[in-house]
Amino acid sequence: MTPRTGWMGGLTAIGVLCLVVAAAGLLLHFTSTSWQPVIAAASFARLAMWLALPALALAAAARQWTVAVLAGVAVLVGVLVQLPGYVSASASANGSRLTVLQANLKLGSADPAAFVRLVAADSVDLAATEELTAPEEERLLKAGLGDHLPYRYTSPGPGSTGVGIWSRFPLRHGVRLDGFQLGVLRAEVMAPSSRITFLAVHLLPPYPYPPREWLSETARLRRILPSLRSPTLIAGDFNATVDHSQFRRLLSDGFADTTQQSGAGYLPTYPANRWYGPVIGIDHVLTRGAIATSSRAVSVPGSDHRAVLVTVQVDRK
């Protein structure tokens, strides 16, 4: 074996490995399963898809044209899967323009002063908070959150079981929905030109809990969505990415994910308290009867999630 043959063989081996991982990512995106390892792996499907690019480059360099063609197909399919999230929808709603914040507070340990500064700096109109403990709610109010969002419907609880809705506008008909262990709240927001149904959502994660609980709660939420009065905004920690087919099933009956709707692409939000930064996007805001014009992830000191900040144009109702 000549040095050149060995070098090209090494490139081919690495390229094939990258292609296998990329193909697995695509398969995970389209797979619906209750097997916990596959559900967990699907969280990283989007990252795996990108390995089709080095697979193509390495196979071409090694003149392995069969591998190159397969890698090219994987690149094309990956682009078709991901490209819609980078194309913004045209804004046609004619009602209220609102800023919505979705934030997981990490067992009530998020910095309350920093959270209030974020709300004030971005003129937030509606906020959903998960893992809201009673002491954290008190700290948020002492830090001045009520000065910016004077109306609230909250259900604080120990650990990760607390949820809250905070609003610049009056709220009515607040209720905590049955069948969700970590909490789902619903309230009607009396915005100036719209009456908005707003949900704050925290679904059980598929790991380390038994995945059947996550599957059950996702299915339960899906059954509820068609009955909600439009316009509707749903903000929460879904413990699911857009590569989970179970999450994408929620995007029916006119619902859309605001990150993709606004053309922001993919916003990783978790884990935010690691040196390598967040790698998966499990925090989302969904809309029906509204169009998201911008969406971005922002840091919340003390939390292990980045918050999602969204601007929406809501239908006049």
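Build a GNM of the chain with springs between Cα atoms under 10 Å apart, and of Thr31, Thr287, Thr241 the one that fluctuates most is Thr31. Taking the longest Cα principal axis of the chain as reference, the axis of helix 65-82 is set at about 10 degrees. Can you tell me the orientation of helix 112-121 relative to the chain, as the angle in degrees between its alpha-carbon axis and the longest Cα principal axis, to the nearest 10? Result, in degrees: 90. Between the alpha-carbon centres of the range 64-120 and the range 32-49 there is a gap of 18 Å.
Give me His202, His29 sorted ascending by neighbouring Cβ count inside 10 Å, so fewest comes first. List each step's numbers first, then the result.
Details: His202 26, His29 22.
Lowest to highest Cβ neighbour count: His29, His202.
Rounded, prolate or oblate, given the Cα gyration tensor of the range 15-89, with a/c below 1.5 counting as rounded? Because a/c hits 1.5 or more and a/b fails to exceed b/c, the range 15-89 counts as oblate.
Working value for the chain: equivalent-ellipsoid semi-axes of 40, 20, 18 Å, each the square root of 5 times a Cα gyration tensor eigenvalue, largest first. Using only the alpha-carbon atoms, how far is helix 211-224 inclined from the longest principal axis of the chain? Give it as 0 to 90 degrees, nearest 10. Once rounded, one gets 60 degrees.
Multiplying the residue separation of Asp253 and Ala60 by 0.36 nm and removing their Cα-Cα distance gives an extension gain of 65.1 nm.
We did not get these values from a lab; they are worked out from the coordinates using the rules stated. None of these values were measured; they are calculated from a predicted model. Here Cβ is always computed from backbone atoms with ideal geometry, including for glycine, and neighbour counts include all displayed protein chains.
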